[in-house]
Amino acid sequence: MDVNGLEANPSYGEIEEIEDEIDKRFKNFKKFDIISDPPFDHQFENRKPTNKHSLFPISRSLTKKLQQEWKILETNLPNSILVRAYKNRIDLMRAVILGPPNTPYYHCLFFFDILFPSNYPTCPPKLFYLSQGLDSNNPSLQPDGTVLLSLLETGGGWDPKQSNLLQVLVSIQCLVLNSKPNLSESEEQEYNRNALIFTCKAVVQTLERPPRDFEDFVAGHFRQRAHAILMNYKEHMDESEGMTQLFIKLLRALEATGAYCKHHLSQAILEKESTEERSTNEGILSRFFTKGKKLAYSLT
């Protein structure tokens with residue numbers, strides 16, 4: 001037995017090595033970095049020249065302006081926003097914004113694909129929200145990827161002489177993700193419940209299918225915050241079957257990062273999970289024996 005009361009396990013050293021590697025890659029993940037090519041799943045990666053507003057070839061003036069954007073991001077990004085730029089497609093970026101504290105989105109990750117048009121900065125950059133098909137319960141972030149922000153509107157909040165991508169990303173974090181509609185007490189409870197459900201579903205889906213170029217960050221981020229995420233969910237969840245099932249799914253997804261989560265399972269949840277697993281197994285066996293009987297009858 002070791003000091004934690006755990007029996008020796010021949011695979012324990014291997015598990016520790018994997019977990020250490022997750023931590024190492026997470027700690028070494030830069031807030032801003034320039035890599036060679038954008039991922040194939042980038043929303044704007046396949047955009048081809050079709051008219052006079054085409055991105056190709058990228059002008060010297062646009063190249064110079066985007067290199068200035070790189071400098072601004074590299075120097076001024078807060079710890080809660082990370083960006084990847086691409087050497088061979090300097091008109092594209094991918095960013096992730098952490099949900100701010102004291103909001104239902106805390107700990108959640110919001111990913112955006114970014115395109116700088118050929119007439120940038122006369123026109124603002126285009127942002128596509130990677131919603132994973134989920135409704136964020138936020139009118140400014142649509143399930144179809146639309147981002148509604150005055151700073152992204154030509155003639156609106158965007159100033160070609162002053163505005164930049166950093167301002168856009170910080171505005172999304174501070175204004176969009178911090179916004180709260182004017183609701184009655186009962187409406188606010190429902191709003192917070194829906195936002196919590198969205199956040200947990202988004203955590204699970206992000207862990208299952210992390211956006212490319214951010215895999216190491218996703219694994220380390222959620223492993224580090226697993227306890228806080230589960231505590232927050234337990235504090236606000238009700239006893240409905242749907243929320244209980246989502247909690248179990250969330251816990252299992254976080255466990256896959258190497259986080260220890262079993263102490264968050266109450267006896268009631270363990271019994272429910274055991275019952276569901278037993279029911280699933282019985283269903284599989286029942287179908288197996290039914291097929292076996294039909295086969296036996298066909299042979300007689």
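Given their separation in residues at 0.36 nm each and the Cα-Cα distance between them, TYR191 and LYS234 gain 13.8 nm when the chain is fully extended. Once the C-beta distance of ASP159 and GLU74 is scaled by a Förster radius of 35 Å, the resulting FRET efficiency is 0.95 to the nearest 0.05. Karplus-based coupling profile of segment 63-69, in residue order and whole Hz: 4, 4, 5, 5, 5, 5, 4, with θ = phi - 60° in 6.51 cos²θ - 1.76 cosθ + 1.60 and x standing for Gly or Pro.
Calculated FRET efficiency, ARG60 to LYS24, Cβ-Cβ distance, R0 = 35 Å: about 0.30 to the nearest 0.05.
Site pair GLN167 and ARG252 shows an inter-label distance of 4.7 nm when each label is modelled 7 Å from Cα along Cα→Cβ. Estimated at the nearest 10 Å², the accessible area of THR63 is 40 Å² with a 1.4 Å probe.
Dipole magnitude for segment 41-155: about 620 debye, using +1 per Lys or Arg Cβ and -1 per Asp or Glu Cβ, origin at the Cα centre.
Accessible surface for VAL170 stands near 50 Å², nearest 10, in the context of the full protein assembly shown (1.4 Å probe). Across the cross-link table entries LYS24/LYS87; LYS64/LYS126; LYS30/LYS180; LYS87/LYS126, which are compared at the Cα atoms, the separations over 22 Å belong to LYS24/LYS87; LYS30/LYS180. Compared with the alpha-carbon gap, the fully stretched path from ASN46 to ASN88 is longer by 13.8 nm at 0.36 nm per residue. Rounded to the nearest 10 square angstrom, THR257 shows an accessible area of 10 square angstrom against a 1.4 Å probe.
Of ARG252, ARG89, ARG209, the residue with the largest accessible area leads and the full order is ARG209, ARG252, ARG89 (1.4 Å probe).
The values are calculated or read from the model by the stated rules, or taken from the named source; none is laboratory data. The shown structure was predicted, so the numbers you read here are calculated from the model rather than taken from an experiment. When we count neighbours, we look across all protein chains shown, and the Cβ atoms used for this are built from the backbone with ideal geometry, even at glycine. For accessibility, only protein heavy atoms count, side chains too; no ligands or nucleic acids. Shrake-Rupley method; radii C 1.70, N 1.55, O 1.52, S 1.80 Å.
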